[in-house]
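The values are calculated or read from the model by the stated rules, or taken from the named source; none is laboratory data. Because the structure is predicted, anything quoted here is derived from the model rather than measured. Here Cβ is always computed from backbone atoms with ideal geometry, including for glycine, and neighbour counts include all displayed protein chains. The protein model used for the area step is the full one, side chains on, heavy atoms only, and it has no ligands, DNA or RNA in it. Shrake-Rupley method; radii C 1.70, N 1.55, O 1.52, S 1.80 Å.
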Amino acid sequence: MKKHNFYAGPSILPQYTIDETIKGIQNFAGTGLSILEISHRSKEFIAVVDEAQSLFKELLNIPDGYTVLFLGGGASTQFVMVAYNLLNKKAAYLNTGTWASNAIKEAKYFGEVVEVASSKDKNFNYIPRGYVIPADADYFHITTNNTIYGTEIREDLDVNIPLIADMSSDIFSRPVDISKYALIYGGAQKNLAPAGLTFVIVKNDILGKVERPIPTIMKYQTHIDKESMFNTPPVLPIFSALQTLRWLKNLGGVEEMEKINLEKAKVLYDEIDRNKFFKPTIPNPADRSIMNVCFIMNDGYVELESEFSSLAKAKGLLGLAGHRSVGGFRASLYNALPLESVIALTDAMKEFEKNH
Ligand SMILES: *Cc1c(COP(=O)(O)O)cnc(C)c1O
């Protein structure tokens, strides 16, 4: 039976990425060696890094003056590095969920943190608006897609201080105006590659302004100077990321990807809104994520939750359990998930309705 992969992360990758990764594991770039057992400083691997960086720039239309870094440590290490490198006295954060809260927690080790707004009062089921960003803060940090709660900021905000975004779970899902951001980072395991790779897109001229000394490995400038080769980078995930980027380019890039993603999200949200057994957890359609669609059993049907779970499993629909802090269901519709899988899910929801 065909399996449909709705896991939130690590998560579905294009079949192309998996096939090409298998080939690279068997014989990398005609070397007769596996990608798993070759020097990160070999010319064949340097070519992989170079192509992956240039595809990042091409697909996201990254202007001059920015560097793309491939690091380890995950997005969680970036919560620390961002503040270490950029927070001099005070930084502003928008609190839209668990990951934003974790970023805030780490930033507090380095200075004053102003939480400009929070949606915690309603279990993070909306994106706050109408807040004031202090003009004297060193930067403003947002989480564009809240993987756990299923909200998303799908516009590139205009702010008067450097804007920093955790885009772990929506990078490459839509075109982004990079020029509006000073730094973008994320773990690659949601929309790009197997776990282990962290990407950072940094505007070079925002660095070098904090007064504190920064340990070598925590310093962005180190990784810029050494072209992501200060220490051994995550070789295999970078190789796989390159395959995903080639796949994305071949598909028509982020503009085309966004069209497909909007269509997938619409099919699922429409069914959640239509089907009396289910309801969305995010009331305002403008705040709903197109990457992580969260829904619960409608009022009066809560006791049927495990029955729907069983039906979904029986149909090969995997990874649908909502995060423990939300409950219900979460369908992650990352780039690599085909529309066909979304339709398999909505078909199961319709069948469930018919059975009752
Ligand atoms: C998954 C996720 C993280 C955590 O990433 P790690 O690479 O595990 O540290 C942070 N932010 C967002 C938005 C995420 O989805």
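Here's the yes/no breakdown for (1) in contact (Cβ under 8 Å) with a residue 40 or more places away in the chain; (2) open to solvent by less than 20 Å² (accessible area, probe 1.4 Å); (3) assigned to a helix (DSSP H, G or I); (4) of a type outside the set (A, V, I, L, M, F, W, C):
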| position | (1), (2), (3), (4) |
| --- | --- |
| Ser228 | yes, yes, no, yes |
| Leu236 | yes, no, yes, no |
| Gln243 | yes, yes, yes, yes |
| Ile260 | yes, no, yes, no |
| Tyr269 | no, no, yes, yes |
| Pro283 | yes, no, no, yes |
| Ile296 | no, no, no, no |
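Does Asp273 meet the test of being in a helix (DSSP H, G or I) and over 24 Å from Ala47 (Cβ atoms)? Show your work before the answer.
Details: in a helix (DSSP H, G or I): yes; over 24 Å from Ala47 (Cβ atoms): yes.
Against the criterion (in a helix (DSSP H, G or I) and over 24 Å from Ala47 (Cβ atoms)), Asp273 qualifies.
Touching a residue at least 40 places away in the same chain (Cβ under 8 Å) and β-branched (Val, Ile, Thr): which single residue out of Ile127, Ile104, Ile184 fits that description?
Numbers: Ile104 fails: touching a residue at least 40 places away in the same chain (Cβ under 8 Å); Ile184 fails: touching a residue at least 40 places away in the same chain (Cβ under 8 Å).
The conditions single out Ile127.
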Collect the residues in the range 301-320 that are buried (at least 17 other Cβ atoms within 10 Å of the Cβ), of a type outside the set (Phe, Trp, Tyr) and not in a helix (DSSP H, G or I), keeping them in residue-number order. Lys315, Leu317, Gly319, Leu320
What's the total number of residues in the range 19-46 that are open to solvent by 70 Å² or more (accessible area, probe 1.4 Å) and in contact (Cβ under 8 Å) with a residue 60 or more places away in the chain? 2
Matching residues, the range 58-107, being outside any helix (DSSP H, G or I), on the phi > 0 side of the Ramachandran plot and within 16 Å of the ligand (Cβ to nearest atom): Gly73, Gly97
Taking Glu51 and the conditions (1) surrounded by fewer than 20 Cβ atoms within 10 Å (Cβ to Cβ); (2) farther than 26 Å from Glu211 by Cβ; (3) over 22 Å from the mean Cα position of the chain (by Cα), which numbered condition does it fall short on, given that it satisfies the others? (3)
Failed condition for Ser173, given (1) polar (S, T, N, Q); (2) assigned to a helix (DSSP H, G or I); (3) open to solvent by less than 10 Å² (accessible area, probe 1.4 Å), with all others met? (2)
Look through the range 179-188, keep the residues that are buried (at least 20 other Cβ atoms within 10 Å of the Cβ) and away from the ligand (no atom under 12 Å from the Cβ), and return whichever of them is nearest to the chain's Cα centre (by Cα). Leu183
Is there a residue being within 21 Å of Lys57 (Cα to Cα), within 16 Å of the ligand (Cβ to nearest atom), open to solvent by less than 30 Å² (accessible area, probe 1.4 Å) and aliphatic (A, V, I, L, M) anywhere in the range 146-155? no
Determine, yes or no, whether Lys120 is open to solvent by 50 Å² or more (accessible area, probe 1.4 Å), over 19 Å from Leu69 (Cα atoms) and either over 20 Å from the mean Cα position of the chain (by Cα) or among the charged types (D, E, K, R) (or both). yes
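When the range 189-218 is examined, which residues are found to be away from the ligand (no atom under 16 Å from the Cβ) and hydrophobic (A, V, I, L, M, F, W, C)? Quick ask: steps written out before the conclusion?
Applying the first criterion (away from the ligand (no atom under 16 Å from the Cβ)) to the range 189-218 yields 202-217.
Hits for the range 189-218 are Val202, Ile206, Leu207, Val210, Ile214, Ile217.
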Got at least one residue in the range 126-144 being among the aromatic types (Phe, Trp, Tyr), within 16 Å of the ligand (Cβ to nearest atom) and either modelled with pLDDT of 95 or more or in a strand (DSSP E or B) (or both)? no
What do you reckon, is Thr222 polar (S, T, N, Q), without any contact (Cβ under 8 Å) to a residue 24 or more places away in the chain, open to solvent by less than 60 Å² (accessible area, probe 1.4 Å) and in a helix (DSSP H, G or I)? yes
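Return yes when Gly208 is open to solvent by 60 Å² or more (accessible area, probe 1.4 Å) and free of Cβ contacts under 8 Å to residues at least 60 places away in the same chain and no when it is not. Break it down stepwise before answering.
Values: open to solvent by 60 Å² or more (accessible area, probe 1.4 Å): yes; free of Cβ contacts under 8 Å to residues at least 60 places away in the same chain: yes.
When the stated conditions are applied, Gly208 passes them.
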Name every residue in the range 207-238 that is more than 22 Å from Ser54 (Cβ to Cβ) and not charged (D, E, K, R), in order of residue number. Gly208, Val210, Pro213, Ile214, Pro215, Thr216, Ile217, Met218, Asn231
